[in-house]
Amino acid sequence: MHTIGMLRGGDFGITVGGTPATFDDVFPGLDVADRFAFVLRTPAAGLAIGGLILAAITRHYEFWRDRGEPFWVYPDFYVLHAGAVHGFHGQLDIWPEHKEVVVADGDSESLIAALNDRAVTRLVVQDGPVRARPCLRETIAPALARIRTAVAFGADGATPGADVVLSCPPAAEELVRLAAESSTTVAQADRDRVLAARAARSRDGRVEESLRRIGVPEALGMLAGEEDPGAEAAHYGFSVPYRDGLQLDDAVMARHVTVHEPAGA
């Protein structure tokens, strides 16, 4: 909770469609129980949205401040790493480490299941093509029903077609720098690349991040990476002993499988 003494919601500037706005305009109906997930596909991508992560964390702390009582609560916000660890975000108050979730297979079924397991309500995804992939009905349906808002971000913090711009204070940039320094499993060149891209978007000492608001079905379609092995290849998350024990043959599985086909896939 070291960020709590460094940042306030008013430290961040936000515009939507070029008009001054608030964090709640981007994520309407926020409350203290909301759970964010930031899904990363490439090394150091979390640094590209370091300001967004901190703005979300700061907004969460404001709910607790409004209660007027002492608190020691980190938000249930998660960074989902597709395929491998893409950085450490403890300096941004993604804490403790179990909230850095590595989804080893990196396929969309496993990523959506991880969102469901954590009851995520607000989704931030790395921008990319929208792809149709087979998945379990019981995986996609609760995600579509529960997730209320989704936004996409570019791997370097600049997003094509962005309609939201977040202006980050110097204190936030120092925390992003510390997050880069602590991300020792990520190649220095990758960290330097994202930090340089951030520096190039600095105006009057404030770094700007851009985002694009998207529909939840589209966001879930972006979770299918180019080399997504597909849920079928991964047995839809079921182990072989589990499938054998419950006699989940192809005929049984066919009744549970659908293809998530968002617009644009």
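Every number here is computed from the coordinates shown, using simple stated rules; none is lab data. If you're wondering where the values come from, they're calculated on a predicted model, not measured in any experiment. A quick note on method: Cβ atoms are made from the backbone with ideal geometry, for glycine too, and the neighbour counts reach across all protein chains shown.
When Gly83, Gly46 are screened for being in contact with a strand residue (DSSP E or B) (Cβ under 8 Å, 6 or more places away or on another chain) and within 15 Å of Val151 (Cβ to Cβ), only Gly46 passes. Screening Met222 against (1) more than 17 Å from Leu115 (Cα to Cα); (2) of a type outside the set (Val, Ile, Thr); (3) crowded, with 21+ Cβ neighbours inside 10 Å leaves a single unmet condition, (1). Among the conditions (1) buried (at least 22 other Cβ atoms within 10 Å of the Cβ); (2) under 23 Å from Arg8 (Cα atoms), Ile147 misses just one, which is (2).
Taking the criterion of being of a type in the set (Gly, Ala, Ser) and touching a Leu at 6+ places or on another chain (Cβ under 8 Å), the residues of segment 132-156 that qualify are Ala143, Ala150, Ala152.
Checked against the criterion of being more than 13 Å from Leu223 (Cβ to Cβ), touching a residue at least 40 places away in the same chain (Cβ under 8 Å) and touching a Gly at 6+ places or on another chain (Cβ under 9 Å), the candidates Thr159, Thr149 yield just one match: Thr149. If the condition is being farther than 22 Å from Arg201 by Cβ and not aromatic (Phe, Trp, Tyr), then segment 9-38 contributes Asp24, Pro28, Gly29, Leu30, Asp31, Val32, Ala33, Asp34, Arg35, Ala37.
Thr58 satisfies every condition listed in (1) touching a Gly at 6+ places or on another chain (Cβ under 9 Å); (2) free of Cβ contacts under 8 Å to residues at least 12 places away in the same chain; (3) of a type in the set (S, T, N, Q) except (2).
Taking segment 155-201 as the range and being of a type in the set (Ser, Thr, Tyr), under 20 Å from Gly83 (Cβ atoms) and surrounded by fewer than 17 Cβ atoms within 10 Å (Cβ to Cβ) as the test, the residues that pass are Thr184, Thr185. Collect the residues in segment 206-224 that are within 14 Å of Val176 (Cα to Cα) and out of contact with any Leu (no Cβ under 8 Å at 6 or more places or on another chain), keeping them in residue-number order. Once the filter is applied, which keeps residues that are within 14 Å of Val176 (Cα to Cα) and out of contact with any Leu (no Cβ under 8 Å at 6 or more places or on another chain), segment 206-224 yields Arg206, Val207.
Here the condition is being farther than 28 Å from Asp24 by Cα, touching a Lys or Arg at 6+ places or on another chain (Cβ under 9 Å) and in contact (Cβ under 8 Å) with a residue 24 or more places away in the chain; of Glu109, Glu138, it holds for Glu109 alone. Across segment 90-115, the qualifying residues are those that are under 12 Å from the mean Cα position of the chain (by Cα) and not β-branched (Val, Ile, Thr), and the one among them that is nearest to Ala179 (Cα to Cα) is Glu100. Within segment 92-104, is even one residue in contact (Cβ under 8 Å) with a residue 40 or more places away in the chain and of a type in the set (Gly, Ala, Ser)? No, there is no match, as no residue in segment 92-104 is in contact (Cβ under 8 Å) with a residue 40 or more places away in the chain and of a type in the set (Gly, Ala, Ser).
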